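Encoded as structure tokens, the structure appears first; notes follow it.
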Amino acid sequence: MTDPSTPTDADEPRSPWLRGGFVLAAAFIGFVAVIAGAVVLTSDASGPDGDATPSRHTADRATDRSPSPPDGDAGCPELAGTHQDVPTSAPRDVTWALYSSVAVPSSGKAGPAVVGEDVARCYARTPVGSLLATSQISVRYLAADDWRKVTRLQTVGAGRDPYIAGRTKAEAESPTDRDGGTHGQIAGFKFVTYSESTAVIQTVWRFPDGRLQAATTTVLWRDGDWRLEYPAAPVAPTPVGSLAGYAEWGGV
């Protein structure tokens, strides 16, 4: 996720991470937002990474690997996903589960292959792997209990350290209750560019009141895994009127 800006409208969706002067980035507008309940979506379609036919079930967190090793940055196991075709529709064989009330996707072929309490890592070096990494890391570095670990391990860029410092200061000055809030859910995506070293993806987020926001994020292949870029001057999410031009994709 690529991030910063502060909502000013009184009716802007709020979350625990948006309260008490805690807004440090536009990411908080586009990536934190939500829905109680544990409805999860599993894609059961067959064929190449692309089309999917969803079915629903319930779960609490995105931990469909068992057992999960502790969070860390050790080497990653080899994943079966190798397709380099950029998806223009929902990837198949993707399972959705709630992480901190936000549905996040995972795949046995494309990752994350290692899921700990807060860090979900080890993604295939493929377009689908980069899409899953973008989705997982964007949510976790905002919502994780140990968000500093997620941010240090899984983000890169000139904006990372200022974000950590600013958020740490904000939390110390104005502690927040992490149990409430209004969050957005992933609703669609579109690849802007893709190479084996860099993926730029637009993700659309849907809020409970029906509003849609598109956020452009970049992931970089570094040290054997995808890392989310946090630039010094992130681009704020923008409102969109519909999912036209995007692949519809989401877990709730």
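The values are calculated or read from the model by the stated rules, or taken from the named source; none is laboratory data. None of these values were measured; they are calculated from a predicted model. With ideal geometry, Cβ positions are generated from the backbone for all residues, glycine too; neighbour counts draw on all protein chains shown.
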- In the stretch 216-241, which residue that is hydroxyl-bearing (Ser, Thr, Tyr) and under 13 Å from residue 203 (Cα atoms) is surrounded by the fewest Cβ atoms within 10 Å (Cβ to Cβ)? 238
- Message: With modelled with pLDDT under 95, among the aliphatic types (A, V, I, L, M) and under 29 Å from residue 114 (Cβ atoms) as the only criterion, which of 252, 235, 219 stands out?
- Response: 252
- Residue check, residue 239 against (1) part of a strand (DSSP E or B); (2) under 21 Å from residue 132 (Cβ atoms), all met but one. Which one? (2)
- Would you check which residues across the stretch 184-207 are without any contact (Cβ under 8 Å) to a residue 12 or more places away in the chain and assigned to a strand (DSSP E or B) and list them? 193
- Query: Just for the stretch 193-210: of the residues that are closer than 30 Å to residue 223 by Cα and out of contact with any strand residue (DSSP E or B) (no Cβ under 6 Å at 6 or more places or on another chain), which one is surrounded by the most Cβ atoms within 10 Å (Cβ to Cβ)?
  - Reply: 194
- Message: Looking at the structure I just gave you, is residue 118 on the phi > 0 side of the Ramachandran plot, surrounded by fewer than 23 Cβ atoms within 10 Å (Cβ to Cβ) and out of contact with any Phe, Trp or Tyr (no Cβ under 7 Å at 6 or more places or on another chain)?
- Response: no
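Among the candidates 160, 148, 125, which residue alone is touching a residue at least 40 places away in the same chain (Cβ under 8 Å), in contact with a helix residue (DSSP H, G or I) (Cβ under 7 Å, 6 or more places away or on another chain) and of a type in the set (Lys, Arg)? Before the answer, list the steps.
Details: 148 fails: touching a residue at least 40 places away in the same chain (Cβ under 8 Å); 125 fails: in contact with a helix residue (DSSP H, G or I) (Cβ under 7 Å, 6 or more places away or on another chain).
Exactly one of 160, 148, 125 is touching a residue at least 40 places away in the same chain (Cβ under 8 Å), in contact with a helix residue (DSSP H, G or I) (Cβ under 7 Å, 6 or more places away or on another chain) and of a type in the set (Lys, Arg), namely 160.
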- Query: Of the numbered conditions (1) within 16 Å of the chain's Cα centre (by Cα); (2) crowded, with 19+ Cβ neighbours inside 10 Å, residue 159 satisfies every one except a single condition; which is it?
  - Reply: (1)
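I'd like to verify a number: residues in the stretch 79-101 that are of a type in the set (A, V, I, L, M, F, W, C), out of contact with any Lys or Arg (no Cβ under 7 Å at 6 or more places or on another chain) and assigned to a loop (DSSP other than H, G, I, E, B), how many? Working first, answer last.
Residues of the stretch 79-101 that are of a type in the set (A, V, I, L, M, F, W, C), as a first pass: 79-80, 86, 90, 94, 96-98.
Checking the rest, the ones that are also out of contact with any Lys or Arg (no Cβ under 7 Å at 6 or more places or on another chain) come to 86, 90, 94, 96.
Next cut, assigned to a loop (DSSP other than H, G, I, E, B) only: 86, 90, 94.
Of the residues in the stretch 79-101, 3 are of a type in the set (A, V, I, L, M, F, W, C), out of contact with any Lys or Arg (no Cβ under 7 Å at 6 or more places or on another chain) and assigned to a loop (DSSP other than H, G, I, E, B).
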- Within the stretch 242-252, count every residue that is closer than 11 Å to residue 203 by Cα, in a loop (DSSP other than H, G, I, E, B) and out of contact with any Lys or Arg (no Cβ under 6 Å at 6 or more places or on another chain). 3
